[in-house]
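The values are calculated or read from the model by the stated rules, or taken from the named source; none is laboratory data. Here the structure is a predicted model, which means the values were calculated and not measured. No Cβ is skipped: glycine too gets one built from the backbone with ideal geometry, and neighbour counts run over all protein chains shown.
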């Protein structure tokens, strides 16, 4: 069983975690005033698959690499 989710590249301090997942789709959304994030020009959203046996490790890496 695989898990599916979305990772937003701009939320990551360290993008190496993207090497640990299977990227199945990429969507780029350009920032508008409604996003209220003028310091970002775009949002890069990856739809990813993670194998069940890797999910805990990937979740821990994401928790440690996200910007606050």
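So here's what we get for this one:
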quantity	calculated
Among the candidates 58, 50, residue that is modelled with pLDDT of 90 or more, in a helix (DSSP H, G or I) and surrounded by 14 or more Cβ atoms within 10 Å (Cβ to Cβ)	58
Any hit, region 18-33, residues being over 11 Å from the mean Cα position of the chain (by Cα), in contact (Cβ under 8 Å) with a residue 24 or more places away in the chain and surrounded by fewer than 12 Cβ atoms within 10 Å (Cβ to Cβ)	yes
Number of the exception - residue 6 against (1) in a strand (DSSP E or B); (2) in contact with a helix residue (DSSP H, G or I) (Cβ under 6 Å, 6 or more places away or on another chain)	(2)
Region 1-11: number of residues that are surrounded by 10 or more Cβ atoms within 10 Å (Cβ to Cβ) and modelled with pLDDT under 90	1
